[in-house]
Amino acid sequence: MVTIPLIDLSEGVDKKALSETLRDCCTTHGFFFLTGHGVDGAASGRILEVSRQFFALSDQDKELCSVNEYHRGYTRFGEERLDPANQSCGDTKEGFYCGSEPSQEDRGRFRLLGPNNWPDERLIPDFRRILEEYQEGMCDLGRKVNRYLAMALNQKEDCFDKAFEKPMGYVRLLRYSGQKSEPERGIFAAGAHSDYGHITYLLTDGEPGLQVFVDKEWKDVEAPPGAFICNIGDMLERWSNGYFRSTVHRVVNTTGRERYSIPFFLDPRFDALVSPLPGCGEPKYEPILSGDYLISKYRDTHENFDK
Ligand SMILES: O=C(O)CCC(=O)C(=O)O
Ligand SMILES: [Fe+2]
């Protein structure tokens, strides 16, 4: 097991001390647990519950809300392959993508900016509301943590604010089947990958499976109850000029049980230019556009992205 530090955001914490702990986490493994985040257990319970209801729908009902041209909606079992070079088949999971609703003026301006693709509301009447509320709460939490991340990088507290006024925040429901992974045969619940965006906040149903690659070994991650598992993505690694780490992780099923998890991917607005921040040393990365980077990653790993 890997030792991952816990950050507690409760009121009254010492900001400076918190950003220093955050800096340690981000520069070593790029992973931390987050408590005191204000998303109560009831809200987490509700979204996990509607996720179960969604995946229990018939294949036909799920296919009816398959990912649309904006890459929002249902991705069927095996559709995603996170590590094509080392997998003999797709991830043993199915998913549902829901992104921030673009403003009227942004709508259609860019491949990922379009409406979400909801299941028929008669099937799960609360589904949309619960996902949208969760999404909004997570964007707010993300903006708050961004201020500590900025401080941890010795930047002005508001340095990320502009890029996250209208962020691309994706809630993704995931259901891993009970199929056991067989790494030697290239069968994984989720192949090895780093996350693409700024930061990921992961909620799970408590089943084990997530592993992180540290010190040349795969190590299990076990989160304390009620904590988000947070990890730095590629864009924040680039912003920090490699100082913060976007660490490779995967999901391996050793139990034979199904597993539900809900990553929230917080990514800067689609037209944000991500390049090493001033003061982070001689730039090691070319500037990239947030949306272009996401699209190239989705194209490499999702069979249905261009269909
Ligand atoms: O389900 C998990 O534990 C991790 C999922 C993940 O790493 C991802 O979707 O990027
Ligand atoms: Fe991930």
Trypsin sites (Lys or Arg not before Pro) within the stretch 151-251: DSSP coil, no more than 16 neighbouring Cβ in 10 Å
LYS156, LYS180, LYS216
Rounded to whole Hz, the Karplus (6.51, -1.76, 1.60) HN-Hα couplings of the stretch 50-58, x for glycine and proline
6, 5, 4, 5, 4, 6, 7, 5, 5
Give me the count of lysine pairs in the stretch 6-301 whose alpha carbons sit under 19 angstrom apart, restricted to pairs 8 or more positions apart or on different chains.
11
Under a point spin-label approximation (7 Å from Cα along Cα-to-Cβ), what is the GLN53-ARG257 distance to one decimal in nm?
2.3 nm
Can you compute the helix-only [θ] at 222 nm over the chain? Use -39500 (n - 2.57) per DSSP H run of at least 4 residues, normalise by all residues, nearest 500 deg cm²/dmol.
-8000 deg cm²/dmol
Could you pull out the GluC sites (Glu not before Pro) across the stretch 214-303 that fall in loop regions by DSSP (anything but H, G, I, E, B) with no more than 14 other Cβ atoms inside 10 Å?
GLU222, GLU303
Give me HIS71, HIS249 sorted ascending by neighbouring Cβ count inside 10 Å, so fewest comes first.
HIS71, HIS249
Putting +1 on Lys and Arg Cβ atoms and -1 on Asp and Glu Cβ atoms, find which of PRO276, ALA190, ASN146 reaches farthest to the positive end of the dipole of the chain.
PRO276
Could you point to the residue in THR92, VAL212, VAL39 farthest towards the positive end of the chain's charge dipole, with +1 and -1 charges on the Cβ of Lys/Arg and Asp/Glu respectively?
VAL212
For the chain, what is the charge dipole size about the Cα centre, in debye to the nearest 20, if Lys and Arg each add +1 at the Cβ and Asp and Glu each add -1 at the Cβ?
200 debye
Length gained when the stretch LYS216-LYS180 is fully extended (0.36 nm per residue, less Cα-Cα span):
10.6 nm
Virtual spin-label span in nm between ASP126 and SER296, 7 Å along Cα→Cβ
4.2 nm
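Each value in this text was obtained by applying a stated rule to the coordinates, not by laboratory testing. Quantities reported herein were computed from a predicted structural model and do not represent experimental measurements. Virtual Cβ from ideal backbone geometry, glycine too; neighbours counted across all protein chains shown.
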